[in-house]
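In what follows, a single structure is set out as structure tokens and then discussed.
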Amino acid sequence: MEVKMNREDLMAQIQSEETVWDLIVIGGGASGIGAALESATRGYKTLLLEQFDYTVGTSSRSTKLVHGGVRYLAQGDVSLVLEALRERGLLLQNAPHLSRNQKFLIPSYSWWYKPFYTIGLTMYDLLAGKLSLGRSKPFSKEKTIKTLPTIKTKGLRGGIEYRDGQFDDARLGLNLVQTTIEHGGVPINYMKVTDLIKENGKTKGVVAVDHETGKEYRLKGKAVLNATGVFVDDILTKDKAEHENLVMASQGIHLVLDQEFLQSDTAIMIPSTSDGRVLFAVPWHNRVIVGTTDIPNPTSLIEPIATEDEIDFILETAARYLAKEPTRADVKSVFAGLRPLAAPKKDGKTKEISRSHKIITSESGLVTIIGGKWTTYREMGEEVVDKLAEVGGIPKKECVTQHLKIHGYKEGVDFNNPLYFYGSDVDLINDIIKEDPTAKEFVSEELKIIKAQVILAIRNELAYHVIDVLARRTRALFLDSKESIRIAPLVAKIMAKEMGKDKAWEQSQVEVFNEIAKGYIMK
């Protein structure tokens, strides 16, 4: 069943201040969207409010992996790995148009690497049980070079192949939002929560302002979830002026290179870099993503900027393993994100802080979720909605998301097709082209983006700004920052025509986009 998805229809559902929602979610990242979907599919009256666009922050800036966490297994966190491996398998089943079985190779330059990691990764496979993606196996030097033709051969002894998942984070977030709408939920972007509504000391709703009109809304709810990532402490301050900070932000950056640096559909995993981190080089949308870093960042920003040290670290580490050593001139885009890790009780390095999520309920009944990762978004949603139902006195209902097909579900997509990530929604793109054959023209031939994608973003993907289209509905900004700046005026023109906006709007949109895009260009 096709459900019309536009912001006007969603906004119409919050006009009455007498409406009492079962659940109000603050935050449109992985944990917030996951909770909203879980709530809506149980039949609860669900509202989600995001101050910017869906997945605008951390949740669009991942390494694009759906993984159990080889690193967590090495740290002995078996329960977290078991949970993540189960959820990895379910996501690949529920969204086959966005996620896939990805091969990884760990290059071995030491005699002990192959036996050590072969044993460890075999345990990883066994923990996945029926949801395993394939057995890990050692490779000879010759087979490693054949699989990864750009790997440095000096001192190479072979490699170890294993399987994990790979996906498109922002597109998954959007498809989950669309699935939430299809189940009666109301997820609205560009709605900033400015305060909490209290009755007798209990949280009973929120005050929110529409970014588009400036209008203020008082919205009542039986239960409220704070799922704002690195901003959770800001919402907690509205609940109680003095409180213990729950989040320590960790910054991670990624560099995007041309596919020539990998020349393979197999990703590289470096399990232990010079400072004990894990580094990946992963094929994605005909590019290679290399990352990530893991450094403390005391500031909470939507658009954090990569530091020179982080950039140098990734380039230097990549150069140790790639025959063609990447330079700054080779970087198509650089993006940074902040992970909302649970703040430790004592000082510790961010890479040593647990990635498992935590759910906290304040005296007022405000529920907050922190930590976690995309792979476990569904399980986090299930657990936190159980808690919210308990806190809000909402009748308990069973979870139905384990095998729920996500919007766009389509089996057997061709991952070499530039439009693969639309899944079944490619039919909507074809409909737009039938209506107007010029919609098949390229906006960017380099990135294989056509005009119909921009039109669809407006009509059915809740995009309202040029940055929405170029950063998250398509991934242009992440794939090639300079090319995205070049095409921004044409995207603004197409959007203005579709939305009935004037030239001043076009110009303003391009200026705002260009200012943000500067942070993605390698200096």
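Here the sum of -39500 (n - 2.57) over DSSP H runs of 4 or more residues, divided by the residues of the chain, equals -10000 deg cm²/dmol at 222 nm, to the nearest 500. Computed over the chain, the P(r) curve from all C-alpha pair distances, binned at 20 Å from the origin, holds 23, 57, 19, 1 percent per bin. Taking each residue as 0.36 nm, the span from Asn6 to Glu212 lengthens on full extension beyond its C-alpha to C-alpha distance by 72.8 nm.
In the stretch 420-520, a dipole from Cβ-located charges (positive for Lys and Arg, negative for Asp and Glu) runs towards its positive end, and of Asn514, Val454, Ala439 it is Asn514 whose Cα lies farthest in that direction. The label-point distance for Arg320 and Ser16, in a model that sets each label 7 Å from Cα toward Cβ, rounds to 6.3 nm.
The share of alpha-carbon pairs in the stretch 420-520 lying farther apart than 18 Å comes to 42%.
Of the cross-linked pairs Lys220/Lys410; Lys64/Lys202; Lys220/Lys358; Lys440/Lys523; Lys45/Lys202, those separated by over 28 Å at the C-alpha level are Lys220/Lys410; Lys64/Lys202; Lys440/Lys523.
Extent of the stretch 241-394 along its three principal axes (Cα atoms, max minus min coordinate, largest first): 59, 31, 26 Å. Of the peptides 224-232, 331-339, 317-325, 251-259, the ranking by mean beta-carbon count within 10 Å, highest at the top, reads 224-232, 331-339, 251-259, 317-325.
Every Cα-Cα pair in the stretch 66-169 was counted, and those over 22 Å apart are 34% of them. Each Lys or Arg adds one and each Asp or Glu takes one away; over the other residues whose Cβ falls under 14 Å from the Cβ of Trp21, this sums to +3.
Laboratory data are not the source of any read-out in this text; all were calculated from the coordinates shown. Computed from a predicted model, the values in this text were never measured in an experiment. Positions of Cβ are generated from backbone atoms using ideal geometry, with glycine treated the same way; all protein chains shown enter the neighbour counts.
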